[in-house]
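Undergrad: Handing you a structure now.
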Amino acid sequence: NRKILLKSRPVGMPDESNFEWVESSVPEITDGEVLIQSIYISVDPYMRGRMSAAKSYAKPYEVGEPFMGGIVGKVLDSRNPRFEAGMYVEGRLDWAEYNVSDGSDIRKIHPGRAPISTALHVLGMPGLTAYFGLLHIGQPKEGETVVVSGASGAVGMIVGQIAKLKGCRVVGIAGSDEKCAYITDELEFDAAINYKTAGNLRGALKEACPNGVDVYFDNVGGSVTDAVMTLINFQARIIICGQISQYNLERPEMGPRVMGQLLTTSSMMKGFIVSDYAEHNKEALTQLAQWVQDGKIKYRENIVEGFENTVDAFLGLFRGDNIGKQLVKVGEE
Ligand code: NDP
C-alpha cells in the first residue's frame with residue numbers, strides 16, 4: 001500500500017522534495033470499519049494551503065503525516081453494516097492506494113446514475129462550490145454580465161455554465177488559447193480572454209463586457225482581479241472563491257486598493273467556503289445531477305494515470321496543466 005506524506009513545508013512553489021513516499025502492507029479492518037481501494041484521487045488547489053503551517057479554514061497537514069483529500073474508491077471488505085464489498089464510495093481519505101474508514105467520512109455513490117469520477121467534480125465539492133458561490137452569493141439575473149476567472153478549471157467551467165442557464169452574458173478568463181476555445185466552443189461562454197497573452201487585460205475585458213460586470217466569480221485573485229474590479233457595475237456582487245495566483249507567493253502581493261470601487265458602486269464582495277452551505281448539499285446535488293442528465297451542464301476531466309503521478313498532477317494545477325477537473329486514476333473500477 002503506497003502512501004504519500006508531507007515531508008517538508010514548501011517555501012514558494014512546492015516541488016517533489018516536499019513529499020515522501022512510503023509503502024506498507026494493505027491494512028486489516030476491525031469491527032465497524034471498511035477497507036477501500038482508491039480509484040480516483042482528486043488533487044485540489046486548496047491543498048497548497050494545507051502544506052503551510054498558517055491557520056486557514058482547512059487544518060494544516062502535519063509534517064510526516066499523509067496528504068488527504070477527496071477520493072473515490074471501491075469497498076473491498078466491510079465490517080460496517082452500512083457498507084458492503086463492491087460498493088463505491090467518496091470521502092476525505094489519505095493519498096494512499098488503500099484506506100480504512102469507520103464510515104463517518106465516506107458517502108455511497110451510485111455508479112448507475114453518473115460516472116463515479118463525477119463525485120469528485122460536478123457532483124461533488126467543485127460543483128457545489130460553483131453552485132453555492134454563484135447562486136447564493138452572486139445571485140445572477142437574466143441579462144447580467146458574469147465574469148469568471150480560472151474559467152476552464154473544475155469550479156470555473158461549472159460557474160460559467162450555470163450563469164448561462166440563468167440567462168447571463170458569460171465571460172471567462174483562462175490561461176491558454178486552447179482553454180479559451182474550449183469554454184466558448186464547447187461550453188458556449190459568450191467570450192473568453194487569455195490573461196497570459198491579452199496584453200491590456202482591462203481593455204480586452206472592457207470589449208468583452210460592453211455593459212460592465214454585474215457578477216465576478218473570482219478563482220484566482222491578483223492582477224486578473226484588479227482588472228475586473230475596474231469594470232464593476234452598480235450593486236455588483238464579487239464572489240471570492242479562490243486566490244490561486246497568491247498561493248505560492250513568498251510575500252503577499254500589493255495591488256490596487258479596491259475598496260473605493262466597492263463604495264462608489266455600492267457593491268458587495270464576499271468570501272466563502274463550500275462547507276458553509278452544507279445544509280443545502282442535497283438539493284444542490286439533485287439540481288446539478290439533473291442538469292448533467294439533461295445535457296445542460298457538461299463536464300470535463302483531465303485524468304492522469306498511475307498513483308506515482310499524483311504529486312506531479314497536483315503541482316500541475318499551479319502550472320495550469322489541466323482543462324477541467326484534475327484527477328488521478330489509481331485503480332480499476
Ligand atoms: P482548477 O481546476 O481551476 O485548477 C487550477 C487552475 O488555476 C489552473 O489550471 C490554472 O489555469 C489556474 N492558475 C494556476 N496558477 C494561476 C495563477 N498564478 N494565476 C491565475 N490562474 C492560475 O482548480 P479548482 O477549480 O479546483 O479551484 C479553483 C479555485 O477555487 C482555486 O483558487 C481554489 O482554491 C478555489 N476553491 C475554493 C473553494 C471554496 O470553498 N472557497 C472550494 C474549491 C476550490 P490557467 O491556465 O487558467 O491559469
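All of the numbers you see were taken from the coordinates with simple rules; none came from a lab. Computed from a predicted model, the values in this text were never measured in an experiment. Here the Cβ positions follow ideal geometry from the backbone for every residue, glycine too, while neighbour counts run over all protein chains shown.
Undergrad: Which pairs break 30 Å Cα to Cα here: Lys141/Lys179; Lys7/Lys179; Lys7/Lys298?
TA: Lys7/Lys179; Lys7/Lys298
Undergrad: Place a label point 7 angstrom from the Cα of Trp21 along the Cα-to-Cβ direction, then list the residues of the range 67-84 whose backbone nitrogen is under 18 Å away.
TA: From the range 67-84, the list is 67-68.
Undergrad: Thinking of the range 237-296 as a set of Cα atoms, what percent of all their pairs are more than 16 Å apart?
TA: 69
Undergrad: 222 nm [θ] for the chain, helices only, -39500 (n - 2.57) per DSSP H run of 4+, per residue, to 500?
TA: Taking each H run of at least 4 residues, the total per residue is -6500 deg cm²/dmol.
Undergrad: Given the C-alpha centroids of the range 1-46 and the range 221-292, what is the distance between them in whole angstrom?
TA: Centre-to-centre distance over Cα atoms comes out at 30 Å.
Undergrad: Cα extents of the chain along the three principal axes, largest first, in whole Å?
TA: 61, 44, 33
Undergrad: Taking 8 Å as the Cα distance limit and 6 or more residues as the minimum spacing, I'd like the relative contact order of the chain as a percentage.
TA: 17
Undergrad: Ignoring solvent entirely, what values of log10 I(q)/I(0) come out of the Debye formula for the range 199-278 at 0.12, 0.19 Å⁻¹ when each Cα is a single scatterer?
TA: Values returned for q = 0.12, 0.19 Å⁻¹ are -0.36, -0.88.
Undergrad: With only Lys, Arg, Asp and Glu charged, each at its Cβ (+1 for the first two, -1 for the last two), find how big the charge dipole of the range 181-305 is about the Cα centre; round to the nearest 20 debye.
TA: 400
Undergrad: Given the chain, what percent of its DSSP beta bridges are antiparallel, to the nearest 5?
TA: 55
Undergrad: Additional query: Beyond 17 Å, how much of the Cα-Cα pair distribution for the range 9-56 remains, as a whole percent?
TA: Within the range 9-56, distances greater than 17 Å cover 58 percent of Cα pairs.
Undergrad: Compute the separation of the alpha-carbon centres of the range 86-137 and the range 306-333 and state it in Å as a whole number.
TA: First find each Cα centre; the distance between them is then 16 Å.
Undergrad: What is the P(r) of the range 49-171, as percent of Cα-Cα pairs per 5 Å bin from 0?
TA: 2, 10, 15, 15, 15, 14, 12, 9, 5, 2, 0
Undergrad: Using a 10 angstrom cutoff on alpha carbons, build the Gaussian network for the chain and name the most mobile of Ser24, Ser275, Ser78.
TA: Most flexible of the set in this elastic network: Ser24.
Undergrad: Could you estimate the translational diffusion coefficient of the range 177-218 from the Stokes-Einstein equation, with Rh from the Kirkwood formula over C-alpha pairs, at 25 °C and 0.890 mPa s, in whole µm²/s?
TA: The estimated diffusion coefficient comes to 221 µm²/s.
Undergrad: Based on DSSP, what percent of beta bridges with both residues in the range 125-275 are antiparallel, to the nearest 5?
TA: If we restrict to bridges inside the range 125-275, about 0 percent are antiparallel.
Undergrad: Here's another thing I want to ask about it. If I fit a long axis through the Cα atoms of helix 310-319 and take the longest principal axis of the Cα atoms of the chain, what angle between them do I get, 0 to 90°, rounded to 10?
TA: 10
Undergrad: Which peptide among 251-260, 119-128 comes first, and what is the full order, when sorted by highest mean count of other Cβ atoms within 10 Å?
TA: 119-128, 251-260
Undergrad: Please give the contour-minus-distance gain from Leu76 to Leu262: 0.36 nm per residue of separation, less the Cα-Cα distance, rounded to one decimal in nm.
TA: Gain on extension, Leu76 to Leu262, equals 61.6 nm.
Undergrad: Suppose R0 equals 35 Å. What FRET efficiency, 1/(1 + (r/R0)^6) with r the Cβ-Cβ distance, do Gln246 and Glu308 give to the nearest 0.05?
TA: 0.75
Undergrad: For Ser8 paired with Glu65, estimate the spin-label separation in nm (one decimal), with each label point 7 Å from Cα along the Cα-to-Cβ line.
TA: 2.1
Undergrad: I've got another one for you. Across all directions of projection, what mean area in square nanometres is found for the Cα convex hull of the range 125-275?
TA: 8.4
Undergrad: Another question, then. To test your reading of the geometry: what angle, between 0 and 90 degrees and rounded to tens, separates the Cα axis of helix 281-293 from the longest principal axis of the chain?
TA: Once rounded, one gets 80 degrees.
Undergrad: While we're here: Which trypsin sites (Lys or Arg not before Pro) from the range 28-110 combine a DSSP loop assignment with at most 15 other Cβ atoms within 10 Å?
TA: Lys55, Arg79, Arg82
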